[in-house]
Amino acid sequence: MERVQYWVKELLEAGESSDDLNRIVRNFGHFLGADISLVFLGSPPFKGKQWILHDGINNNDLGFYLRHSRDDIYLQHYLSSSLTGHMATLQEMLPIKKISDGWFIQEMIPRMAVNFSVSGIFPISDGKILSLSFHRYNQPFSFKSHQLMQQLLEALAPWGQFFIARNTLESLYGSAPISRGMLRLPDTLTQAEHNVVSLLAQGYDGSEITAIRGVSKETTKSQIKSILHKTGCRHQNQLINQIYCGFEK
């Protein structure tokens, strides 16, 4: 469970940065042995806003699946079998010989070209859902990986609620100030840069921030340099002072 908690913590620290979020999905997907990893968050397909994190699948194939997700026989069977909340091995749940839909067999399955899939859906709030899906081409997932996937599905539900709530609030009122500090950072800062400033304000140095966020030293240095430029600060000490004293309007 410690491994799962670490992944959730990483997602919390990533904020809404798509690059950081996809990097984390790639990291836990690789650890689980997946060739393709997908995290779907938000309203069901065609019913509202959605966020899709992914690794190992190209944009054309992802777009194809999203356009035809209503025709996903595995998804339909999963929902009709009351499996919500559980990670299921799709090819065991519904063997291909029991599928009668010709289009799905002739178009969807060859297009995705995976032979082993473990997927699950977890309801979160107000009709929103969290969905995890992991795929392999050549061999099934291990029992241990399946266990970790189930733990991850359950552990990500609170993060999903938080992610959607924060996104909704920030779309209405703008990005939040750092913790309880006195300043609102410039709007030009990216979410990743917001996260770095937050860690600096907590007393972490550049090397510690690099380790916490799982990025390269060069990335952290570049982000700090960009933050100083955007905030008009000459060095980190001036930035920290501004955090607690506030920027001039």
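The values are calculated or read from the model by the stated rules, or taken from the named source; none is laboratory data. Keep in mind the model is a prediction, meaning the values are calculated, not measured. Cβ: placed from backbone, ideal geometry, glycine included. Neighbour counts: every protein chain shown. Calculation scope for accessible area: heavy atoms of the full protein, side chains included, ligands and nucleic acids excluded. Shrake-Rupley method; radii C 1.70, N 1.55, O 1.52, S 1.80 Å.
At a glance:
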| quantity | calculated |
| --- | --- |
| Subset of the stretch 46-89 [farther than 18 Å from TRP103 by Cβ and either assigned to a strand (DSSP E or B) or of a type in the set (Asp, Glu) (or both)] | GLN50, TRP51, ILE52, LEU53, HIS54, ASP55, ALA88, THR89 |
| Residues of the stretch 72-112 satisfying the condition of being acidic (Asp, Glu) and open to solvent by less than 70 Å² (accessible area, probe 1.4 Å) | ASP72, ASP101 |
| Helices (runs of 4 or more DSSP H) fully within the stretch 140-221 counting 3 or more residues that are modelled with pLDDT of 85 or more and open to solvent by 70 Å² or more (accessible area, probe 1.4 Å) | 143-173 |
| Single residue of the stretch 222-236 satisfying the filter (modelled with pLDDT under 90 and basic (Lys, Arg)) that is most open to solvent (accessible area, probe 1.4 Å) | ARG234 |
| Lone unmet requirement of (1) surrounded by 12 or more Cβ atoms within 10 Å (Cβ to Cβ); (2) in a helix (DSSP H, G or I); (3) at pLDDT 90 or above for HIS135 | (2) |
| Scan of the stretch 1-24 for residues that are open to solvent by 30 Å² or more (accessible area, probe 1.4 Å), more than 14 Å from GLY214 (Cβ to Cβ) and part of a helix (DSSP H, G or I), ordered by number | GLU2, GLN5, SER18 |
| Contacts under 9 angstrom Cβ, first residue in the stretch 194-222 being touching a residue at least 60 places away in the same chain (Cβ under 8 Å), partner open to solvent by 50 Å² or more (accessible area, probe 1.4 Å) and in a loop (DSSP other than H, G, I, E, B), 6 or more apart | HIS194/ALA176; ILE212/TYR204 |
| Hits in the stretch 41-54 - residues which are touching a residue at least 60 places away in the same chain (Cβ under 8 Å), within 24 Å of HIS146 (Cα to Cα) and open to solvent by less than 30 Å² (accessible area, probe 1.4 Å) | LEU41, GLY42 |
| Any hit, the stretch 4-16, residues being out of contact with any Gly (no Cβ under 6 Å at 6 or more places or on another chain), β-branched (Val, Ile, Thr) and at pLDDT 95 or above | no |
